[in-house]
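To start, the structure under review is shown below, and the notes come after it.
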């Protein structure tokens, strides 16, 4: 069959004109693409490593409790070790060995709730089996100690093992199926989230128009099998913007035959937001969208964390704050702090504090450098700003100039994590949709600081912040806080 014929049949299916007549049924053909085999092999290896880590954590916890507790002896340890595989079965039933290869992005922090559940159930199962043995069950304190020790050990070991695994293995190769605009969007978002472990090699489309800027065109959608084998891809990211039901069905069958993982981008993701949960309605797969503010308990926990962390950081970092103050005085004189009115939660203004990184009178020099009235979008960044002092360059590159904002956090004007506070004159240019980023307190750090890329457009940055707002939780804040020091050291946070 000719290439033109294949393309025409794909077009007919895409436009919904009906199935392709006389299309040959798929028969036993060549084995799946090499990328699928590599994906299965790596998935199997990682599962074994995680199981070994969980088992090691349990064994260390059992030995530690036996050594410390007078109520637990060597005989109990022997029987507990004999029954320890039951613990791994419980962890397996919780799905904790099967998510890395299914999800396009998965971290140890994501599975913490499941790890807690597995530790509780595993402790109960292990203690129940010990009750049937000659030594009898563990005493309550020992059982709790074993469970907590195994939980902490598993969480730490899983984090270390995944870190090493990601450093030692290459990312999965993938392609985008969809129009050029979607390919550019996905490529740019993936580049700001390296933890997705996905390297896009190109895109496939049946549409016309300008080519994508971020990815090369590899062919039409009908070429998926050829591309899978030539490029050794493991995952296909599909946008439903140019395919009918029959074309999508054919694509799924091709990917299934090649052993490729599939990721679908919902067509209306930009309107509905990313606060999505997969659910079932009368056994039909559906996507649920949340449209609600964070609960009071979440807000209370977030504020409690803000108070605790900001207070102790101010105490612990006081020598560093003093050293930076002296450096600024010696470099460019007074004042040490820079005060500026910024838009806070719901647009309420407050005075934000920073270490001064520009020459005195920098605000008056701004109209000479940029025309706010001519901005195409309500955001700006001046490259090689001549107003920045010598000390200011280093402070900005490491984001140390932001440390005085711990005082703003302590006062309740800011949060540790949130969208960055913007100047009032810039916020005045926002439309109603863009003002949505003002729904929460601005943060010292946020998704842009740990995931962002300096060449992102305002709309792309807004989408990243919207993702944070729609999925706001204490765990999300903790994940961003843990990634912030690395971004500061590498200079990635200074956008």
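The table below lists the values:
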read-out: Gain in span if fully extended, residue 121 to residue 56, counting 0.36 nm per residue against the direct Cα distance; value: 21.6 nm
read-out: Per residue, the convex hull volume that the Cα atoms of segment 57-144 enclose (Å³); value: 90 Å³
read-out: Anisotropy class of segment 181-226 from Cα gyration tensor, a/c 1.5 cut; value: oblate
read-out: Residue 92/residue 489 FRET efficiency (R0 45 Å; Cβ-Cβ; nearest 0.05); value: 0.75
read-out: Gain on full stretching of the segment that runs from residue 433 to residue 82 - 0.36 nm per residue minus C-alpha separation; value: 120.4 nm
read-out: Inter-label distance for residue 256 and residue 75, nm, one decimal - labels placed 7 Å from Cα along Cα-to-Cβ; value: 5.7 nm
read-out: Förster radius 30 Å - calculated FRET efficiency between residue 45 and residue 213, Cβ distance, rounded to 0.05; value: 0.25
read-out: Residue-span extension gain [residue 394 to residue 284] - 0.36 nm each, minus C-alpha spacing; value: 34.1 nm
read-out: Estimated distance in nm for a label pair at residue 482 and residue 307, the labels positioned 7 Å out from Cα along Cα-to-Cβ; value: 2.5 nm
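Just so you know, all these numbers are worked out from the coordinates, no wet-lab data involved. These figures come from a predicted structure and were not determined experimentally. Don't worry about glycine lacking a Cβ; one is built from the backbone with ideal geometry, like all the others, and counts go over all protein chains shown.
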